[in-house]
Amino acid sequence: SLFCQALFNLLIPDHAADAFSPPRLPEPGLWDLLLEQLLGGLSRWDAEHFLFIAERGYLYEHNCAFFPLYPLALRALAEGALWPLQRLLRLRSRLLLSAVLLNSLFSILAAAALYKLGCAVLRCRRLAFLAALLFSLSPANVFMAAAYSESTFAFLAFGAMWQLEKGQSWLSGLLFSLASGVRANGLINAGFFLYSRGKRFALQLQGGSGSVRKLPPLWKQLLSLASSAVLVCAGIFLPFALFQYYAYVRFCGAGTGLEPTVPKPLLQLALDKGYRLVATNGVRPPWCSQRFPVVYSYIQDAYWNVGFLRYFELRQIPNFLLALPVTLLGSWAAWTYVIANPRHCLTLGLERRKSEEGGKPSAGFCCPAVFVYVVHATVLLAFGFFCMHVQVLTRFLGSSSPVLYWFSAHLLQEHEPLLWSEGTDHQTAAPRSEKSLRGQSGSCGKRTPENPVVRLLLNCGLITPLGKCILGFFLSFWLLGLILHCNFLPWT
């Protein structure tokens, strides 16, 4: 990805996009220009906001749409490990290099966390491994590499989900809390913890008569459930609340004399583009007078016209087409799961199943443990489709939900003969009359040394049309993202 973006950025001229592009201060040197040639494709569109915030702080009001944890991490690395390079590179160049290093690391860690999560939830190493490989070819890949917060969020979210599956509630809560300091949709992750606690409580109430006496009184169980839920959810919401308070103090308070310290080119940019700095002459932004002043929702509304059905216009048809593959895949995943587990879905997964009582839970994408993840992905999909700029759905789901990768891996495993021979390390090929082995242990053996995605790509003439569509979606979006996004052309 790093090589391709440098190549495409060199061969294709940048589009003159009407995007946030602050002046470069101070003037770049020779090494800065060289780094810009090599990695400049990763500083396009919203990446300019993250790099600007890391360098200058929240100078403009609309910068507050981007949460602080990722820019803080960039600044810490640029001023820490990359401090010896300050004589060669200015701060912005070190921040861009920091973004490349951090995102490379967090992308790898996110893939590893997704694999561990898949092993715990799907109970199928091969399926989990295939899903992690597909994550490495994510259609949102360019945003995992560019100076965006997607890779950091994916690592924190998948890691928190994995820890929760292991029963490490407090560590999971900490990671979920950090994730909400990276992206706003991290707040929705509180639902995983609430569901985990609620399910455990419901299953305890359904326990056999022999185990009732061993349980504490009902009121103690309810008190423990409520207290832990309140504490963890408060921790998850805390970074969001603190950031909104910071924005209120900065932009709604009295004048702080900040304006003279702002370089003139940045002040001129604010005048030319209509960017709001801080409250001056007693004039406060409209959101400051709201009962609950939340700058994030105001910016989404006023600057980007984000709202329910606001994007449903004829001129947005190309963007809906961009979002069509991930919309179809996400909807198909939800439908497949509901059809396979109608009773489980109707009871919200809170009913004890006979298979669980026998100690032999099923495996694969349609197993009971996947329910909460399907609900999470469906909620994100519906919200993104109806309330957001629809073209961001691909990276929105690709960095937040494992379902996109689990279901794609499930489809490939179910329909590709080239993958049917992958049993345990010592198994030989089996006839596909065993297609009914969905989710059973025989089709979920140990991971094989061979890369199954490479096997499919090297034998593309032998794979099914469905497999070609799935791999085509992943690879085409991977490649087009590098070509278009890195040259300021419209993308997801």
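The values are calculated or read from the model by the stated rules, or taken from the named source; none is laboratory data. In this text, all values refer to a predicted model and were calculated from it rather than measured experimentally. Cβ: placed from backbone, ideal geometry, glycine included. Neighbour counts: every protein chain shown. With ligands, DNA and RNA removed, areas are computed over all heavy atoms of the protein, side chains included. Shrake-Rupley method; radii C 1.70, N 1.55, O 1.52, S 1.80 Å.
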**Prompt:** Using the Cα gyration tensor of the stretch 5-109, with a ≥ b ≥ c the square roots of its eigenvalues, what is the shape: rounded (a/c below 1.5), prolate (a/b larger than b/c) or oblate (neither)?
**Reply:** rounded
**Message:** So, for the chain, what is the accessible surface per residue at a probe of 1.4 Å, expressed in square angstrom?
**Reply:** 47
**Item:** the chain: relative contact order as a whole-number percent, Cα under 8 Å and 6+ apart
**Value:** 22
**Prompt:** So, by mean Cβ neighbours within 10 angstrom, what's the order for 395-407, 217-229 with the highest one leading?
**Reply:** 395-407, 217-229
**Fill in**
Normalised per residue, the volume inside the convex hull of the alpha-carbon atoms of the stretch 1-43 in Å³ amounts to 84
**Asked** Using unit Cβ charges (K, R positive; D, E negative) and no other charged atoms, how large, in debye to the nearest 20, is the dipole of the stretch 95-206 about its Cα centre?
**Response** 440
**Fill in**
In degrees rounded to 10, the 0-90 angle between helix 91-122 Cα long axis and the longest Cα principal axis of the chain is 10
**Prompt:** Tell me, what ³J(HN,Hα) does each residue in the stretch 458-470 have, in order and in whole Hz, if you take phi through Karplus 6.51 cos²θ - 1.76 cosθ + 1.60 with θ = phi - 60° and put x for Gly and Pro?
**Reply:** 6, 10, 4, x, 9, 7, 6, x, 5, x, 5, 5, 5
**Message:** I'd like the accessible area for residue 14: 1.4 Å probe, protein heavy atoms, all chains in place, Å² to the nearest 10.
**Reply:** 80
**Fill in**
Summed over the other residues with a beta carbon less than 14 angstrom from that of residue 140, with K and R at +1 and D and E at -1, the charge totals 0
**Item:** Of all accessible heavy-atom area on the chain, the percent that carbon and sulfur account for (1.4 Å)
**Value:** 66
**Prompt:** Arranged from highest to lowest average of other beta-carbon atoms within 10 Å per residue, in what order do the peptides 176-187, 136-147 appear?
**Reply:** 136-147, 176-187
**Item:** Kirkwood-based Rg to Rh ratio, the chain, C-alpha trace
**Value:** 0.99
**Prompt:** Against the longest alpha carbon principal axis of the chain, how many degrees, from 0 to 90 and to the nearest 10, is the axis of helix 30-39 turned?
**Reply:** 30
**Request:** Beta carbons within 10 angstrom, averaged per residue: use that to sort the peptides 305-318, 105-118, 152-165, highest first.
**Result:** 152-165, 105-118, 305-318
**Asked** Count of lysine pairs in the chain with Cα atoms under 29 Å apart, counting only pairs 8 or more residues apart in sequence or on different chains?
**Response** 28
**Prompt:** Just how far, in whole angstrom, is the stretch 128-150 from the stretch 474-492 if you go by their alpha carbon centroids?
**Reply:** 13
**Debye log10 I(q)/I(0) at q = 0.16, 0.17, 0.19 Å⁻¹ for the stretch 99-233, Cα point scatterers** = -0.86, -0.93, -1.07
**Request:** Could you please state, rounded to a whole Å, how far the C-alpha centre of the stretch 16-44 is from the C-alpha centre of the stretch 293-327?
**Result:** 28
**Asked** Using θ = phi - 60° and the Karplus form 6.51 cos²θ - 1.76 cosθ + 1.60, what ³J(HN,Hα) does each residue of the stretch 46-63 get, whole Hz, x for Gly and Pro?
**Response** 5, 4, 4, 5, 4, 5, 5, 5, 5, 8, 10, x, 7, 7, 9, 4, 6, 5
**Request:** Report, in degrees rounded to the nearest 10, the 0 to 90 angle that the Cα long axis of helix 169-180 makes with the longest principal axis of the chain.
**Result:** 40
**Item:** Computed magnitude of the charge dipole of the chain (debye, nearest 20; Cβ of K, R +1, Cβ of D, E -1)
**Value:** 1500
**Prompt:** For the chain, what does -39500 (n - 2.57) per DSSP helix run (n ≥ 4), summed and divided by total residues, give at 222 nm, in deg cm²/dmol to the nearest 500?
**Reply:** -18500 deg cm²/dmol
**Complete:** Expected vector for the stretch 136-145, Karplus 3J(HN,Hα) from phi with 6.51, -1.76, 1.60 and θ = phi - 60°, integer Hz, x for Gly and Pro, equals 5, 10, 3, x, 9, 4, 4, 7, 6, 8
